[in-house]
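The values are calculated or read from the model by the stated rules, or taken from the named source; none is laboratory data. Values in this document were obtained by computation on a predicted structure and should not be read as measured data. For neighbour counting, all protein chains shown are included, and Cβ atoms are generated from backbone atoms with ideal geometry for every residue, glycine included. Ligands, DNA and RNA are stripped out before the accessible areas are found, and what is left, the full protein with its side chains, is counted by its heavy atoms. Shrake-Rupley method; radii C 1.70, N 1.55, O 1.52, S 1.80 Å.
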Amino acid sequence: EEVIDSIRFFCRQASKIIASDADLAYLTVRAIRILTGNTAATGETLVINDDASALVERAAKVYEGNSNGLAQMDLALLSDWADGKVVAVYTSTRVESIRISSMLKTQREDAKILLVNRDTSHTKEAQDFIASPDAWIAANKPDAIIYSPSLGTGVDVSIKDYVDSVFAVIQVGEWTTTFDVLQGFERVRTPKSATRHLWIQERAIFGASDEN
């Protein structure tokens, strides 16, 4: 309650509030209106950047949301791994991040794997990566980057010509929203492969309650 009161105070003292994000949703806009008391939405300006030249064309290979589909994606991941490719894997759970890290380590014991989850996010290695992802990657040259939702929004990997392929394993519950999934899936902005690999558990329940 104290945090909300503080945010409300500063929102109402500000002469201008700028909300800018690629995934800015109505829920955020409505929250700002409530905090500022401007529920009538007066004096707002909406700016949309529709510059198509800035978009990167990509595709996603979606696997069946059962154990067979997950096994197929594991094989695709291991195939890239065996070829010496640098992979990035987003998982929606800590347990799955550990499983994939162990699986990759078994295949290449000398590989450098960065694992960011609830257990490791406080370590110096993880904190250095979170503070400056591209610089950390350039200096440490990991073979794999595996991360769970513990790697929060605002962190992105933009380094070009480094990560070869991106995979995502989504086992979701009510605490996971569609925005969490999209953020994690797009965390690596420019992988070499235009096709990303996605497995979502069957009958997944997302916590997002808006139109998305």
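Taking the range 82-103 as the region of interest, how many residues are under 19 Å from Phe185 (Cβ atoms), in contact (Cβ under 8 Å) with a residue 24 or more places away in the chain and not in a loop (DSSP other than H, G, I, E, B)?
Summing the residues that are under 19 Å from Phe185 (Cβ atoms), in contact (Cβ under 8 Å) with a residue 24 or more places away in the chain and not in a loop (DSSP other than H, G, I, E, B) in the range 82-103 gives 10.
If I filter the range 176-189 down to residues being surrounded by 16 or more Cβ atoms within 10 Å (Cβ to Cβ) and in a loop (DSSP other than H, G, I, E, B), which single residue comes out as modelled with the highest pLDDT?
Arg187
Enumerate the pairs (first residue in the range 60-73 and more than 18 Å from Phe185 (Cα to Cα); second residue anywhere and surrounded by fewer than 17 Cβ atoms within 10 Å (Cβ to Cβ)) with beta-carbon separation below 7 Å, excluding pairs fewer than 6 apart on the same chain, so at least 6 apart or on different chains.
Close Cβ pairs (under 7 Å, with a partner that is surrounded by fewer than 17 Cβ atoms within 10 Å (Cβ to Cβ)) amount to Asn66/Glu202.
What tally of residues in the range 6-22 results from selecting those that are over 17 Å from Thr45 (Cβ atoms), surrounded by fewer than 10 Cβ atoms within 10 Å (Cβ to Cβ) and of a type outside the set (A, V, I, L, M)?
Of the residues in the range 6-22, the ones over 17 Å from Thr45 (Cβ atoms) are 6-10, 12-13, 22.
This time we only want the ones that are surrounded by fewer than 10 Cβ atoms within 10 Å (Cβ to Cβ), so: 13, 22.
Going one step further and asking which of them are of a type outside the set (A, V, I, L, M), we end up with 13.
Looking only at that region, the number is 1.
Going through the range 54-78 one residue at a time, which ones are in a helix (DSSP H, G or I) and open to solvent by 60 Å² or more (accessible area, probe 1.4 Å)?
Initially, the range 54-78 is screened for residues in a helix (DSSP H, G or I), giving 54, 67-78.
Residues satisfying the conditions are Ala54, Ser67, Asn68, Gln72, Leu75.
Let me confirm something: among Ala19, Ala40, Ala54, Ala14, which residue is at pLDDT below 80, farther than 30 Å from Ala144 by Cβ and not acidic (Asp, Glu)? Give the derivation first.
On the way: Ala19 fails: at pLDDT below 80; Ala54 fails: farther than 30 Å from Ala144 by Cβ; Ala14 fails: at pLDDT below 80.
Going through Ala19, Ala40, Ala54, Ala14 in turn, the sole match is Ala40.
Which residues, taken from the range 138-154, are under 26 Å from Ser79 (Cβ atoms) and in contact with a helix residue (DSSP H, G or I) (Cβ under 6 Å, 6 or more places away or on another chain)?
Ala144, Ile146, Ser148
So the check is Cβ under 8 Å with 6+ separation or different chains; which pairs have a first residue in the range 7-20 that's over 22 Å from Gly154 (Cβ atoms) and a second one that's acidic (Asp, Glu) and open to solvent by 100 Å² or more (accessible area, probe 1.4 Å)?
Every condition considered, no pair remains.
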